[in-house]
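Asks: Below is one structure. I have some questions about it.
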Amino acid sequence: MCFQSLYANVLHVYIFIKTTTMPGLILLGFAELHKFHPFLFSLLLLVYMATLLANSLIVLIIQLDPVLNTPMHFFLMHLSCLEMFYVSTTTPKMLETLLLQPTSISLLGCAVQMFLFLFFGAAECFLLASMAFDRYLAICNPLRYTIIMSRKVCINMVVGSYMCGTVAGLVHTMVTFHLPFCGVVINHFFCEIQPLLELFCGDTFLIEIQVIAMAMIAILLPFLLIILSYSCIISTIVSMPSAKSRQKAFSTCSSHLLVVTLFYGTASTIYLKPRSSYSPSVDKLLSLSYTVVTPLLNPVIYSLRNKEVKWALRKLWRKLFGV
């Protein structure tokens, strides 16, 4: 019955979008920075290409090297895949807004972009929580680590992350596109919830409450699980007798927590606040951090600082170029 109700709601939103008389929406992008559009376009295109290359490289070496057949690297591979799709959901349209001012997007295209962005973003939140749990077991319960973190458990955790992302994306998209629009100009570079709320007719208070409630589940719950995991990890590290072991473990934890703080901190400031505090210029900057910056930082911090990954990268380089 739950799936039938969900399907009915999705169908209702689809029919609403297809039957509306609105020709589409207009994305303003970075209109206030029009003088810097050529520079921003070049910079963001370079970052986008670097993000795709770095994450593709991580997926390739984890697939090719049998030494990296571990739960941690399995999660890293899926994180890199998520990052490539995640950044590709918003960046191409963002680059278009820098070339063509203003840029239009159909109502259906806007809904699809919102769903995909939320799906990949929420899935990443839960995947990061899974990775924190993996590190917790590896450091705090090493004797039972290989027994608990079996291949089946790892696959189930990844599938569960994707399922949570699907639910979060569908709920947010259905809630957002149920209301009629009174405007067509989005003061943003992609179809995000907060700027879209500015276009709706009537009172959006209940919609805002639903958005915040869903964001608390998709963002705050995984973040709390990560904090709990790393609190136990740090407690275990402090009690280690070897200073070298403590330094290695702290280095790994600090790297992971840096990415988690950047991603969750900026995302929560967008989705866990009321509409009245929305500021287009500030929120665009915050959105850039978790839509463009973190997808590039993740492979660098999570993977390229990993000794096993760096060794596999050297082996691949020697195999390809003989150097």
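The values are calculated or read from the model by the stated rules, or taken from the named source; none is laboratory data. Please read these numbers as outputs of a predicted model, since none were measured by experiment. Backbone-built Cβ (ideal geometry, glycine too); neighbour counts: all protein chains shown.
Asks: Looking only at region 124-135, decide whether some residue is out of contact with any helix residue (DSSP H, G or I) (no Cβ under 8 Å at 6 or more places or on another chain) and either modelled with pLDDT of 90 or more or surrounded by fewer than 22 Cβ atoms within 10 Å (Cβ to Cβ) (or both).
Replies: Looking through region 124-135, none of the residues is out of contact with any helix residue (DSSP H, G or I) (no Cβ under 8 Å at 6 or more places or on another chain) and either modelled with pLDDT of 90 or more or surrounded by fewer than 22 Cβ atoms within 10 Å (Cβ to Cβ) (or both).
Asks: Modelled with pLDDT under 75 and among the β-branched types (Val, Ile, Thr) - does that describe any residue in region 288-307?
Replies: No, region 288-307 contains no residue that is modelled with pLDDT under 75 and among the β-branched types (Val, Ile, Thr).
Asks: Among the residues that make up region 138-157, is at least one of them at pLDDT 90 or above and surrounded by 19 or more Cβ atoms within 10 Å (Cβ to Cβ)?
Replies: Scanning region 138-157, I find at least one residue that is at pLDDT 90 or above and surrounded by 19 or more Cβ atoms within 10 Å (Cβ to Cβ), so the answer is yes.
Asks: Out of Phe190, Phe133, Phe126, which single residue is out of contact with any Phe, Trp or Tyr (no Cβ under 6 Å at 6 or more places or on another chain), within 20 Å of Ser289 (Cα to Cα), part of a helix (DSSP H, G or I) and of a type outside the set (Gly, Ala, Ser)?
Replies: Phe126
Asks: Could you grab me the full set of residues in region 34-91 that are free of Cβ contacts under 8 Å to residues at least 12 places away in the same chain, over 21 Å from Lys315 (Cα atoms) and within 21 Å of the chain's Cα centre (by Cα)?
Replies: Leu43, Leu46, Met49
Asks: Let me ask you something else. For residues that are in contact (Cβ under 8 Å) with a residue 60 or more places away in the chain, buried (at least 17 other Cβ atoms within 10 Å of the Cβ) and not aliphatic (A, V, I, L, M), tally how many sit in region 181-219.
Replies: Counting residues in region 181-219 that are in contact (Cβ under 8 Å) with a residue 60 or more places away in the chain, buried (at least 17 other Cβ atoms within 10 Å of the Cβ) and not aliphatic (A, V, I, L, M) gives 10.
Asks: Still on this structure, please answer the following. So in region 221-258, with the set limited to residues that are among the β-branched types (Val, Ile, Thr) and modelled with pLDDT of 75 or more, which one is nearest to Phe126 (Cα to Cα)?
Replies: Only one residue tops the list, namely Ile226.
Asks: Restricting attention to region 164-180, which residues are exposed (fewer than 13 other Cβ atoms within 10 Å of the Cβ) and under 19 Å from the mean Cα position of the chain (by Cα)?
Replies: none
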